């Protein structure tokens, strides 16, 4: 396994025999929660770094021009971290809500998520999950109007 594949697979998480995207999202949730415990800036920096590494890694894979292979999960890792920016505190409920909303948007692929998913390059592979994460972030932010998370 070369360095690009190691990064793209989330250090091997993407090779899970079942639901690699879910395992990638769980890794993103754990990484994002750890960074959020340090503050919003470390989390934001982590999102930018993971996204940049994802674009780099996918561009250096021979498969990057094809459909998004299931073992590439760096996009789920980056996308899952985004809704955590809307949390005012770390809580199991908040983390669970971010996880569920991200997975719904990532699987359902509404509107702009589907548009990005149709691109078969590194920006499409990363973009659909970044947009799914942004949609989940927006919903969590909107829920703050009703109840603190």
Cβ-Cβ FRET estimate between residue 90 and residue 56, R0 fixed at 35 Å, reported to 0.05: 0.75
Hey, rough spin-label estimate for residue 48 and residue 114, points 7 angstrom out along Cα→Cβ, what's it come to in nanometres? 3.3
In degrees, nearest 10, the alpha-carbon axis of helix 122-143 is tilted away from the dominant principal axis of the alpha carbons of the chain by 10
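Using Cβ contacts closer than 10 Å as the measure, can you line up 48, 55, 125, 113 from fewest to most?
Arranged by neighbour count, lowest to highest, 48, 55, 125, 113 become 48, 55, 113, 125.
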CD proxy at 222 nm, helix term only [per DSSP H run n ≥ 4: -39500 (n - 2.57); per residue of the chain; nearest 500]: -21500 deg cm²/dmol
If you fit an axis through the alpha-carbon atoms of helix 20-38 and take the longest principal axis of the Cα set of the chain, what angle between them do you get, 0 to 90°, nearest 10? 50
Go ahead and set up a Gaussian network model of the chain, Cα springs under 10 Å, then flag whichever of 29, 85, 61 fluctuates most. 61
Hey, got the Cα dimensions of the chain along the principal axes, in Å, largest first? 46, 31, 27
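Since every read-out is calculated from the coordinates, none of them should be taken as a lab result. The model shown is predicted, which means the values in this text are computed figures rather than measured ones. Note that each Cβ is placed from the backbone with ideal geometry, even for glycine, and that neighbours are counted across all protein chains shown.
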